[in-house]
Amino acid sequence: MGKEGRRPLSTAALRSLLGLVQRVKGRKKVPPEKALENAGARSATMRTQGLLSILLQTMDTWVLWLLLLPSLVQYPQPVGNGLDEVTRLRMEVRAKLQEEEKIHLQREVEQLVLLKQGVLAWGDLLSSARQHWQLWALAGLLLLLLALWYMWRKGSLRTEEQGEAHGGVNEEDDVGNQVQEFRDRADNFGRIIMERVQWPVQDLQGGCMWTRTLMEHFAIYFRRVLSNSFYPVLQGAIGVGSAFEGWSPREQDVVYQVLIPMTPPRGHSFHLELGTAWQRRLRNFHIRVQQECTCTSEQQGEHMLCFLHHPEEELRRHQDPSLLHTLCTGSYLDVEKTARWFYQLVRAIWPALLESHSWHLVLLPPRRSCQFKVTNGRESYRIEVLFGLRQGNSDVFVSSQPRQAHTSSTIWPESYAVAEMKFFRYIARQAPPDSLHLKCLQFFTRLQLGLGFSTYTIKTIVMHLLSILPASQWRRRHFVSRLMDISESLRTCVARRRLNHFIVGNQRLPEGIRLPPEVLMARSRNLFHDLVMDPVAHSQAMNQYMDLQHWFKRILRNEQPLSTAALRSLLGLVQRVKGRKKVPPEKALENAGARSATMRAI
């Protein structure tokens with residue numbers, strides 16, 4: 001298009017362009033770093049990358065337009081020939097202003113370019129931040145989902161646990177009901193078995209109290225009569241044996257045993273001596289009596305002559321005879337002489353006692369103990385007095401009670417009766433009120449009467465079981481189980497030919513039971529030693545156990561009550577068994593089955 005074809009820039013266009021210039025000139029000039037800070041502040045409001053892109057595109061348009069603006073302004077405009085001077089001056093002024101504005105715009109463009117670069121950098125930063133934010137948002141979402149799953153799982157487990165708890169409670173209730181039902185059946189069975197046994201009506205506690213009182217009254221006169229003599233000094237009686245332990249194998253004629261400890265009289269001393277190897281194994285002692293010198297001012301003040309340093313003629317005239325000349329055989333204390341001496345002492349003191357006014361005394365012939373009965377027409381008590389010498393400060397004595405049928409009169413076997421009585425007293429304190437451990441012992445001791453097993457054998461087995469099984473397992477519902485334990489223990493001991501003594505070598509006795517060191521540390525003694533040495537005796541013991549087991553089963557099956565008649569029948573059977581010829585062990589074992597079949601038919 002030619003120059004004449006160009007349209008001049010109108011006044012409105014010029015005004016618009018001047019307004020734009022004024023707006024551009026109105027911006028404050030800031031350094032690049034400040035512009036970057038301002039750009040960062042402005043870009044903080046932009047939340048997404050799309051907005052930044054729109055902003056950058058807009059800025060590129062403005063920059064292009066500003067670059068083209070000077071050329072548009074400087075474009076030669078056609079003017080008329082009739083322009084006046086004023087118009088020319090205005091044009092010059094405008095040209096200068098445009099020049100200055102061009103420079104200013106160039107600077108603005110440079111700043112905008114720098115601003116664009118800063119915005120791009122911040123965009124990259126925001127993009128990176130957005131990517132990190134997305135990662136963190138994803139991680140947060142995963143954590144939220146995990147937390148929700150955990151809460152759901154925890155609630156589910158709690159529900160399951162509650163269900164299991166209810167189920168467990170139900171199962172425990174079922175088990176508890178079954179256990180209670182079993183206990184009820186066992187208790188009922190124990191009651192039935194106890195009803196089948198005709199237990200003797202015995203007031204053992206009353207009899208023990210009466211016996212203690214009587215022996216205390218005797219002791220008062222013993223001290224008076226023997227105070228200036230040279231006989232053994234008698235101490236307070238100690239109740240021992242089955243009655244004082246709380247049970248009795250006898251049905252009516254209960255024996256109340258007491259042990260009277262002795263100490264040496266003035267001018268004498270006692271010394272325990274073990275004899276041969278056989279006696280050492282059985283712990284049988286001799287009590288050697290030795291005279292001691294009394295030539296001291298203290299003894300002389302008592303008007304006592306010394307047995308060692310005074311002539312025998314003077315001693316016979318002025319002093320009672322020594323213990324060596326009264327109750328000893330040689331230098332050893334004689335059991336039988338001591339029993340006869342005590343027999344005479346009881347008979348002499350009895351009339352002085354208050355009991356003699358309402359009770360009648362019957363003295364039995366003494367041998368190794370002193371036995372007597374006291375009756376008043378309604379009640380009767382049989383008392384056996386044993387004598388013993390305490391070993392140190394322990395509960396073990398050497399006593400007059402024999403172990404074999406024929407025991408020398410100078411032998412004093414070691415006795416553990418006091419220690420055993422204390423053990424049963426300890427069990428009584430630990431056991432519940434309805435404990436039947438004594439009933440179990442009484443049942444078997446009565447059942448085995450006449451069969452060859454001693455009462456002490458059954459008692460030893462029960463003491464071992466009492467030391468193993470808790471006291472709470474001896475109630476009525478355990479009655480049959482404990483009886484079977486006793487039977488099985490007896491069978492095992494007979495088969496193995498060994499039954500350990502309960503006291504000797506037992507280091508697990510309750511506190512309060514004192515043993516001398518040689519008894520505590522000794523090897524346990526085998527009460528079935530004879531079965532080891534004699535095979536025939538062993539076979540007989542096995543036969544006797546089978547007889548015992550047969551009667552035990554008959555009682556459990558209610559085929560035979562344990563009564564006096566039953567015991568008499570059993571004793572008759574035992575007599576027939578004893579009349580058999582002795583056979584070798586293997587032959588006896590062969591006959592065992594046939595004998596059992598025969599007894600089942602009885």
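The values are calculated or read from the model by the stated rules, or taken from the named source; none is laboratory data. This is a predicted model, so every value here is computed, not measured. Reconstructed Cβ throughout: ideal geometry from the backbone, glycine too, with neighbour counts over all protein chains shown. These area figures cover heavy atoms from the full protein model, side chains too; ligands, DNA and RNA do not enter into them. Shrake-Rupley method; radii C 1.70, N 1.55, O 1.52, S 1.80 Å.
Structure values in brief
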| read-out | value |
| --- | --- |
| Region 461-537 - percent relative contact order, Cα under 8 Å, separation 6 or more | 29 |
| Accessible area, probe 1.4 Å, largest first, for residues W152, W199, W136, W359 | W136, W152, W199, W359 |
| Per-peptide average of other Cβ atoms within 10 Å, ordering 406-417, 264-275 highest first | 406-417, 264-275 |
| Average accessible surface area per residue within region 307-436, 1.4 Å rolling probe, Å² | 48 |
| Rounded to the nearest 10 Å², the accessible area of L469 at probe 1.4 Å | 40 |
| Residues R191 and S394, FRET efficiency given R0 of 35 Å [Cβ-Cβ distance, rounded to 0.05] | 0.25 |
| Accessible area (Å², 1.4 Å probe, nearest 10) - K553 | 90 |
| Calculated log₁₀ intensity ratio I(q)/I(0) where the Debye formula runs over C-alpha points of region 450-553, q = 0.14, 0.20, 0.21 Å⁻¹ | -0.63, -1.10, -1.16 |
| Which listed pairs, of K337/K422; K373/K439; K422/K459; K422/K553; K337/K459, have C-alpha distances above 23 Å, in listed order | K337/K422; K373/K439; K422/K553; K337/K459 |
| Segment H360-S481, extension gain: residue separation times 0.36 nm, minus the distance between their alpha carbons | 39.1 nm |
| Where V233, V201 fall by accessible area, highest first, once all protein chains stay in place (1.4 Å) | V201, V233 |
| Using a Förster distance of 41 Å, the FRET efficiency for Y456-R153 (Cβ separation, nearest 0.05) | 0.05 |
